[in-house]
Every structure is written in structure tokens, then in C-alpha cells.
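S.K.: Please see the structure below; I have some questions.
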Number of protein chains: 2
Amino acid sequence: MAAVPDRSHVEDMLTLLRSRGQRVTTARRAVLEALVRYRDEHLGTEELAVRIRRDQPEIHLSTVYRTLEYLEEQGLVHHVHLAHRAVSHHVARDHHQHAVCDHCGKAFDLDLSLFDELTRRLADEHGFTAELGHITIGGRCADCA
Amino acid sequence: MAAVPDRSHVEDMLTLLRSRGQRVTTARRAVLEALVRYRDEHLGTEELAVRIRRDQPEIHLSTVYRTLEYLEEQGLVHHVHLAHRAVSHHVARDHHQHAVCDHCGKAFDLDLSLFDELTRRLADEHGFTAELGHITIGGRCADCA
DNA sequence: TTCACTGCAAATAGTTTGCACATAG
DNA sequence: CTATGTGCAAACTATTTGCAGTGAA
């Protein structure tokens, strides 16, 4: 699926930042690396910070918050509302939607093509440009239905 | 659109509660009435409580939280994640979808058929039974795009 | 060298909970 | 009457912010 290996994906993003005159810091590299490394776990912000601090304990939770906000402004990261009180982040290239089972909490990654018709019809019929990036679909998974 | 006037809708819900052996209290009636009355405003929980307290100042915010939770357990109310930190509630019968412009706040009512393909494919491809009631689609309307 | 970034502590916002009193049935 | 619901205050959780020191370019 990925045309480019993970490590260089992080480097690509850092290079992009540099080319915009942005600074590349330890915290920014660490956050991007963690998002790539743990991408399948849908970690919340605090848990993401815990993982980062296993290797770099000097990186403070508030820095993780600020860095995620910054990376989102730069368009490198998106956020998703996974459950009631958890927000999860992922790098923009891994853009996907989620379905979360209301019963067991299991999250499913959804292919963006599922939303093509919806997006197109919203545009055609309502002139509405949908931003589906931080939507999570609730419901019941096969096991819990 | 509504086959039954609003007032009796609230009474219907209260009757249903009674028929289940549940108690009908001042707070439960007040919350349901407010949800019906202000249904077009997509109020967050705190603002909903403020409106209720205009008439019934003795109804505490924590009671509104508890009552909404209770009504949701009873299936009379659903919640929607509107923005980052705001959760909004509406009575279950008003099972509408809409798209809300992130810029001007204008809301579009959406035909449920828009979601047919999505719902069907979630079921076919993931065995997932989607509960779309909690979703609001964000984005830009034609005027603000 | 300089200004953006970060660590830390403290503030804030939204939500939940324990307990004693009130009230629906 | 008695179990359930509510008011209130206080606790909690997630997130944000002010400030002074640090580090990337």
C-alpha cells in the first residue's frame, strides 16, 4: 500500500516543514515518528505521549498537545474523534475513516472510497464540501450485533 | 413533517417511561421539553441547562447530565458530536441527518438515502451495523467554500 | 544572536460522583 | 412509606496557557 517506506515518510514531512521555513525540533520528529510507528493502535493523545516518553522522557505532555496542533495546522496530521472523550491523531497520508463499535469499542479503519458517493452527492445536491476527516461512525460490529 | 404536535410528543415519551415502570420527574420533563423546544439550535449540554434554568432555576447542571444519560439509556434521546468539545442531544424521533457549515453554521437537512450506499457497504464489507444518528457532517457550504 | 519552541506548573472546561435530602409512585 | 432522583460541592479528566529558560537556524 505505502509507496514509500515509513522512515523516509517522516523525513519527507520534516523536509517539507524545512522548505516552508519551519523549524524541525526533537519534539516534532518524535511525534511524527510515534504517529507512524503506532498508527495501528489509535492511541489517544495522552497514551501517545506515554509511548514517546519511553524513549524521550524529556518531552512533556503539553508539548505533545502543542506539537499535534502545530502539525495539524501544517496539514501533516489529522485528528479523529474515536470515542466520547478520546481524540486520536494520524499522519495525513494515512487518511482513513473509522467505525467504532459502541459495545466493545473496537475500531475499524475504513477505506475512503466508502464515502465517495456521499461526498459527491453532497457537492452536487447541496453545493456542500464535506470535511469527513474527523468523523467516526458508531454502531455495532459483527461480534456484538 | 411531524405527524404529532410537539407537546404531545413529550407526553408520549413520558407515558412510555411510566409504562416501563420508570419515574416521571420534573427534571425529566423539563429536559425533554427543552430538547423539543430548542431542537433547531443544536445546544451543547451546558447551554441546554442554561435554557432550562431560565424557567426552572432549581434544576442543576449535573442533573441535566444525569437526565440526558438516563434518557439515552431509555432510547428516547440521541447524542451528536458537533464540534471539538461540544456534545449535543436530540430526541430520538427527530432522527435527522445534517451537514453543518464550519464557517457560517448553516445547517442542511440531508436525505437519508445519501447514506444508503455507505450503510450497505459497511454491512457487506465489514459486518458493521452503522448507527448514523450521532453524526453531523462538517465542511463548507457553497457560500463559504 | 534571535526568536520560536519547550518544560513546568497552574488554570480552565467539560463531565462525573458521593452524600444527605426531597419526592414519585 | 421507601426506593429513586436531585441539589450541591468537590473530584476528575482532557486540554490550554503564562512564563522563563533552551535550542534551531
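The values are calculated or read from the model by the stated rules, or taken from the named source; none is laboratory data. All values reported here derive from a predicted model rather than from experimental measurement. Note: ideal-geometry Cβ built from the backbone for every residue, glycine included; neighbour counts use all protein chains shown. In case anyone asks, the SASA skips ligands and DNA or RNA and just uses the protein heavy atoms, side chains included. Shrake-Rupley method; radii C 1.70, N 1.55, O 1.52, S 1.80 Å.
S.K.: Build a GNM of chain A with springs between Cα atoms under 10 Å: which of A:V24, A:V87, A:V77 gets the top mean-square fluctuation?
M.R.: A:V24
S.K.: Consider all pairwise Cα distances in the protein assembly as shown and report the whole-number % of them above 33 Å.
M.R.: For the protein assembly as shown, the fraction of Cα-Cα distances above 33 Å is 34 percent.
S.K.: Measuring from a point 7 Å out along Cα→Cβ, what nm distances, shortest first, does B:E125 have to its partners in the other copies?
M.R.: 2.0
S.K.: Let me ask something additional. Give me the summed buried accessible area for the A-B pair, 1.4 Å probe, to the nearest 100 Å².
M.R.: When A and B are taken together, about 2600 Å² of accessible area is lost.
S.K.: Also, I was wondering about something else. Note every residue of segment A:110-130 with a reduction of at least 50 square angstrom in accessible area, all protein chains present versus the isolated chain, computed with a 1.4 Å probe, or write none.
M.R.: A:L114, A:E117, A:L118, A:R121, A:H126, A:F128
S.K.: Suppose we keep just the DSSP beta bridges with both residues in chain B; what percent of those would be antiparallel, to 5?
M.R.: Antiparallel: roughly 70 percent of the beta bridges in chain B.
S.K.: Another question, if that's okay. How much of B:T136 can a 1.4 Å solvent probe reach, expressed as accessible area in Å² and rounded to 10?
M.R.: Estimated to the nearest 10 Å², B:T136 gives 20 Å².
S.K.: Using a 1.4 Å probe on the protein heavy atoms, what percent of the accessible area of the protein assembly as shown belongs to carbon and sulfur?
M.R.: 48
S.K.: Next question. Extending each Cα 7 Å along its Cβ direction at B:E47 and A:D55, get the distance between those two points in nm, one decimal.
M.R.: 4.3
S.K.: For chain B, set up a Gaussian network in which alpha carbons nearer than 10 Å are linked by springs, and say which option among B:V100, B:V31, B:V64 fluctuates the most.
M.R.: In the Gaussian network model the winner is B:V100.
S.K.: If you count the DSSP beta bridges with both ends in the protein assembly as shown, what percent of them are antiparallel, to the nearest 5?
M.R.: Once the DSSP bridges in the protein assembly as shown are tallied, antiparallel ones form about 75 percent.
S.K.: Tally Lys/Arg at +1 and Asp/Glu at -1 over every other residue whose Cβ is under 12 Å from the Cβ of B:A130; what's the total?
M.R.: Result for the neighbourhood of B:A130: -3.
S.K.: Follow-up. In nm, what does the list of distances from B:L61 to its counterparts in the other copies look like, shortest first, when each label sits 7 Å along Cα to Cβ?
M.R.: Spelled out, the distances from B:L61's label point are 2.1 nm.
S.K.: Could you state the accessible area per residue of the protein assembly as shown in Å², with a 1.4 Å probe and every protein chain left in place?
M.R.: On a per-residue basis, the protein assembly as shown sits at 55 Å².
S.K.: Something else: What's the FRET efficiency of A:D12 with B:T25 using the Cβ-Cβ distance as r and R₀ = 51 Å, to the nearest 0.05?
M.R.: Approximately 0.30, to the nearest 0.05.
S.K.: Where the label is 7 Å out from Cα toward Cβ, how close does A:E47 come to the same position in every other copy, in nm, shortest first?
M.R.: Counterpart label points of A:E47 in the remaining copies fall at 3.2 nm.
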